[in-house]
Amino acid sequence: MAFDIDMIKGVYDRMAERIDKAREVVGKPLTLSEKILYNHLWEGVPTKAFVRGNDYVDFAPDRIACQDATAQMALLQFMQAGKSKVAVPTTVHCDHLIQAKEGATVDLKHANNVSSEVFNFLESVSNKYGIGFWKPGAGIIHQVVLENYAFPGGMMIGTDSHTVNAGGLGMVAIGVGGADAVDVMAGMAWELKFPKLIGVKLTGKLSGWTAPKDVILKVAEILTVKGGTGAIVEYFGPGATAMSCTGKGTICNMGAEIGATTSTFGYDESMERYLRATDRADVADAANKVKNYLTADTEVYANPEQFFDQVIEINLSELNPLLNGPFTPDLSTPVGKAMTEKAKANDWPIKVEWGLIGSCTNSSYEDLSRASSIAQQALDKGLKTKAEFGINPGSEQVRYTAERDGILEVFEKLDAKIFTNACGPCIGQWARYNDPKNAPKNSIVHSFNRNFAKRADGNPNTHAFVASPELTAAIAIAGRLDFNPLTDKLINENGEEVMLDEPTGWELPPKGFAVEDSGYLAPVEDGSEVQVIVDENSERLQLLTPFEPIGDTIVGAKLLIKAKGKCTTDHISMAGPWLRFRGHLDNIANNTFIGAVNAFNDKTNFVKNQLTGEYGGVPDAQREYKKANIKTIVVGDHNYGEGSSREHAAMQPRHLGVAAVIVKSFARIHETNLKKQGMLGLTFANESDYDLIQEDDTFNFLNLNEFAPNKPLTIEVVHADGSKAIVEANHTYNNAQIEWFKAGSALNLIKEQNA
C-alpha cells in the first residue's frame, strides 16, 4: 500500500473541477503540465489564465523530499519557523554523506562512524516534526521517491535539483533550495514563475544499444545547458508510451542539466505496471479513474505547435548511442569514429580508467539488468574489463532484488566494486585519489548526470563522459573511449575476435521486487517530547542566526570576484570533502567561490584584497571585508549558478557579507535562492557592461531606496583611477520578494508572520 494514499486520492478527487475550470479560463485544450499546475494552485479553483514565463504564481505542492546534505540547512531553518509539525508529507534521505572507496559494507560503516552526529540530528529532527526518515544505505533519494512516493498528476518539491526524476511517474517535481522547502513545510504557499512549455515528440522505438539515456543526451545537445531554463519539458508520442517508467525517470532526471524547471510524461501503461510492481496498486487504481486528466488533452499532442512554446521531434529508431562530455553535459558525440576524431583533435585521453554505473539517473533494476547482460557476455566470451568498474544500486530494494536474481554476482565476477546504495562518485563522494588536485590526466565514463570538472573525483584533469549504463559497461570492458559496440571487435583471452551482442534486460524483476529492511523509519505521532541537541562546539552542525537586512543603501561596496565563464554551484560551494560541513554555515563558508575562475588572472581562489592590495583566497578576502563592515559585489557570466539546487551557494556569500550578485544571466534555482536569503540577484541590462568591471572597482547603488518590480537598479561603478561608469541592472523581484529583501530573508518574514 502506498504512503499518503488519502492525500493522493484527495488530489485526484479535485481534478475534474479544477482542470475543467482551468480549460475554461485558459480558453483552449491543456497540456499535462498545465493540468498539474492549475490543479495545485494555492488559491484553489482557477480564476485566471497565467502568462507563461511572466506571472509569478503561488502553488500548493503535495509533498517534499530532502537529501541529507541539503536537509541539514533546510531543517535548521525550519526549526526557526515556530511550527510543531510539517504541514505536508516530508521525507529525509541519507544518501550524500557516504563516500565510495572500499565497497558497500566498509564504506557504510565508515559513513555511520564519521557522520553519526549529522545522521542522528536528521533522525531526531525528523522524528520531532513528523518527517519520514530513510537511513544511510536505504538508497538514493530520487530512486527511493520513484519507488515509494511519486504519483501521476502530483506536484512535489525537493531540496535537490534532480527531484525532477519523479517526472518519470507523471509528476511535476521541482528542485528547490531549502528555504523554498521550509515555506511549504511551514504551511505557506510556494511561489514559481509560471513556466514556459517545451514539447518533445518521440517517434519510433528504442532498440539495440540505444537507451532512454540517449534521448536526454540528444535533447541536451539540442537545447544546451541553459535551453530549458524557465520551462517544463513535456515528452509525448508513441516513443514515449513505449518506454519503461524508469527510462522516463532517467530522461526527466537529466532535464536538470538543460536548466529545465522540470520534465514529465503523461500517465500510461508503463507507469501503471511500475506502480503495481512497487506495491502501489491502490495508486494505480485511483489514477485509472482519472487517467484522462493525467495526460494532455488529445488536441495538444495532435497539434503540439499550437500549445507549446517550442517543439522538438526525435525519431528514436534513428537515434544512436551517445557520449556527452567532457566537462559539460551538453557536448554530445556519437560512439565510434566521431569520438575518435574529436578526441584526437581535443587531446582527450582515449584510454578509459573507470566505468561507473549508478546515480539517481541510472540505478534502477532495469538499468542494472541491461548493464549486467553486457557483463555476462564478457564472462561468456572470455573478456576482462580493461577499465575498473563500479556499481551504485539505487535503493536497498533494487540492491536486494538484483542480488537475489544474480545480477550483482555477474558484476562481481568482473571484479566490479559494489558500492553503497548512495550517490557516491556522482556527487564527488569518491576516494579515488589521495591528492586529487595533482592527479593525472585521464578519462572515465559513467551513467551519471553531471560531468563538470572535478565533479566526480576532485581531479581537474579527469575527463568524464556521460553514457547509458549498457554503453558504460561496454566501454569499461573495451577500455577505450572510441569503442563502438555496434561495429568494433574485441580480442579475448584466447586471442579470438569477438563482438558484444545487443544488451537485454528486464523492465521489472520477473520474480517481483523484494527487500528485508528498506531502511525507513516512521516518525512518532507526537514529537513534542523529542529533544534535538546541537553541540555548540560541533564542527558539523551550527544553529542559525537570522540574517540582518542589507538595507536600502549600498555605498562603497567592493568587488570580491569577477567570475569568468562557467560558474556553477559547485564552483561557488564545492561538494566532495566539504559535504561534511553542510550543517555548519560558518565552516562551509570557507569554500566560498574557491572553484570560480578570477577573470583578471584566470586563477581559482586567488583574488585581490582591496584593503591590503595583496592576493589570496576568496573566503579570506571576504572575511577581511566583513570584519571591516564593507559590503561586496560578485560579478558573473551566463547561466550563473547552474547545477545543483544547493542553497549554500547563496547562504555562504550572504553569511560572509556579499550584498549583490550581478551577472549576464542566472540559472533558475540559484536566482531564487539568492532572493530567499535576502540578497540582490541582478542581471546586466547591457551584457557588455560585464567587460566594464575592473579589479579595483567600488560600487554605489543610486536608487536602491526605490526598489520596485520591473524597475532597473542604477549602479555607479567607480574605478581605481577615479573614473566612473553607470551600469543599469535588471531584476525579476516581485513585491513579495522585495519584502524578503527588506526583512533580511524569506525565513525572517515567515517568523514574523508566525509570531
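Which condition breaks for Gly239 when tested against (1) within 30 Å of Pro329 (Cβ to Cβ); (2) in contact with a Lys or Arg (Cβ under 7 Å, 6 or more places away or on another chain); (3) open to solvent by 10 Å² or more (accessible area, probe 1.4 Å)?
Tallying (1) within 30 Å of Pro329 (Cβ to Cβ); (2) in contact with a Lys or Arg (Cβ under 7 Å, 6 or more places away or on another chain); (3) open to solvent by 10 Å² or more (accessible area, probe 1.4 Å), Gly239 fails exactly one: (3).
Taking Thr472 and the conditions (1) out of contact with any Pro (no Cβ under 9 Å at 6 or more places or on another chain); (2) surrounded by fewer than 17 Cβ atoms within 10 Å (Cβ to Cβ); (3) of a type in the set (S, T, N, Q), which numbered condition does it fall short on, given that it satisfies the others?
(2)
Could you identify the single residue in Ile216, Ile222 that is over 19 Å from the mean Cα position of the chain (by Cα), modelled with pLDDT of 95 or more and either over 23 Å from Tyr365 (Cα atoms) or not polar (S, T, N, Q) (or both)?
The unique qualifying residue is Ile222.
Would you point out which residue out of Leu559, Leu541 is over 30 Å from Gly259 (Cβ atoms), in contact with a strand residue (DSSP E or B) (Cβ under 8 Å, 6 or more places away or on another chain), open to solvent by less than 70 Å² (accessible area, probe 1.4 Å) and aliphatic (A, V, I, L, M)?
Leu541
Every residue, every condition in (1) in contact (Cβ under 8 Å) with a residue 60 or more places away in the chain; (2) part of a helix (DSSP H, G or I); (3) in contact with a helix residue (DSSP H, G or I) (Cβ under 8 Å, 6 or more places away or on another chain), yes or no:
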position: Val125; (1), (2), (3): yes, yes, yes
position: Lys128; (1), (2), (3): yes, yes, no
position: Phe133; (1), (2), (3): yes, no, yes
position: Gln143; (1), (2), (3): yes, yes, yes
position: Phe151; (1), (2), (3): yes, no, yes
position: Ile157; (1), (2), (3): yes, no, yes
position: His162; (1), (2), (3): yes, yes, yes
position: Asn165; (1), (2), (3): yes, yes, yes
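Could you name every one of the helices (runs of 4 or more DSSP H) located completely within the stretch 264-355 that has at least 3 residues being within 27 Å of Val11 (Cβ to Cβ)?
Output list reads 269-277, 281-289, 298-302.
Among the residues of the stretch 229-248, write down those that are in a helix (DSSP H, G or I) and out of contact with any strand residue (DSSP E or B) (no Cβ under 9 Å at 6 or more places or on another chain).
Once the filter is applied, which keeps residues that are in a helix (DSSP H, G or I) and out of contact with any strand residue (DSSP E or B) (no Cβ under 9 Å at 6 or more places or on another chain), the stretch 229-248 yields Thr246, Gly247.
Quick check on the stretch 116-135: of everything there that is more than 16 Å from Pro523 (Cα to Cα) and not charged (D, E, K, R), which residue is least open to solvent (accessible area, probe 1.4 Å)?
Val118
Only residues in the stretch 364-376 that are farther than 16 Å from Tyr274 by Cβ and without any contact (Cβ under 8 Å) to a residue 40 or more places away in the chain count as the first member; pair them with residues that are open to solvent by 10 Å² or more (accessible area, probe 1.4 Å) and assigned to a helix (DSSP H, G or I), Cβ under 8 angstrom, at least 6 apart or cross-chain, and list the lot.
Note: pairs meeting the criteria are Gln376/Val410.
From Asn253, Asn288, Asn324, grab the single residue that is closer than 19 Å to Asn39 by Cβ and polar (S, T, N, Q).
Working: Asn253 fails: closer than 19 Å to Asn39 by Cβ; Asn324 fails: closer than 19 Å to Asn39 by Cβ.
Being closer than 19 Å to Asn39 by Cβ and polar (S, T, N, Q) holds for just one of Asn253, Asn288, Asn324, which is Asn288.
Hey, could you check the stretch 510-532 for residues that are of a type in the set (Val, Ile, Thr) and under 28 Å from Ala87 (Cα atoms) and say which is most open to solvent (accessible area, probe 1.4 Å)? Break it down into steps so the answer makes sense when it comes.
Step one: list which residues in the stretch 510-532 are of a type in the set (Val, Ile, Thr), which gives 515, 524, 530, 532.
Now drop any that are not under 28 Å from Ala87 (Cα atoms), which leaves 524, 530, 532.
Numbers: Val524: 62, Val530: 30, Val532: 36 Å².
Result: Val524.
Which of (1) crowded, with 19+ Cβ neighbours inside 10 Å; (2) in contact with a Ser or Thr (Cβ under 9 Å, 6 or more places away or on another chain) is the odd one out, the single condition Asp697 does not satisfy?
That leaves (2) as the condition not met.
In the stretch 724-755, which residues are of a type in the set (Gly, Ala, Ser) and either open to solvent by less than 50 Å² (accessible area, probe 1.4 Å) or assigned to a helix (DSSP H, G or I) (or both)?
Of the residues in the stretch 724-755, the ones of a type in the set (Gly, Ala, Ser) are 725, 729, 736, 743-746, 755.
The answer is Ala725, Ala729, Ala736, Ala743, Gly744, Ser745, Ala746.
Is it true that some residue in the stretch 420-428 is open to solvent by 20 Å² or more (accessible area, probe 1.4 Å) and either closer than 22 Å to Phe327 by Cβ or outside any loop (DSSP other than H, G, I, E, B) (or both)?
The answer is no; no qualifying residue exists.
Being more than 19 Å from Arg450 (Cα to Cα), in a loop (DSSP other than H, G, I, E, B), of a type in the set (A, V, I, L, M) and modelled with pLDDT of 95 or more: is that true of Leu368 here?
no
Results for (1) part of a loop (DSSP other than H, G, I, E, B); (2) among the polar types (S, T, N, Q), shown as yes or no for each residue.
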site: His571; (1), (2): no, no
site: Met574; (1), (2): yes, no
site: Pro577; (1), (2): no, no
site: Asn587; (1), (2): no, yes
site: Asn590; (1), (2): no, yes
site: Phe593; (1), (2): yes, no
site: Phe600; (1), (2): yes, no
site: Leu611; (1), (2): yes, no
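Being over 23 Å from the mean Cα position of the chain (by Cα) and over 15 Å from Gln72 (Cβ atoms) is the filter here; which residues of the stretch 129-156 pass it?
Correct list: Gly130 only.
The values are calculated or read from the model by the stated rules, or taken from the named source; none is laboratory data. Keep in mind it's a predicted model, so treat the numbers as computed, not measured. Note that we place each Cβ from the backbone using ideal geometry, even for glycine, and neighbour counts take in every protein chain shown. The accessibility values were calculated without ligands, DNA or RNA, using every heavy atom of the protein model including side chains. Shrake-Rupley method; radii C 1.70, N 1.55, O 1.52, S 1.80 Å.
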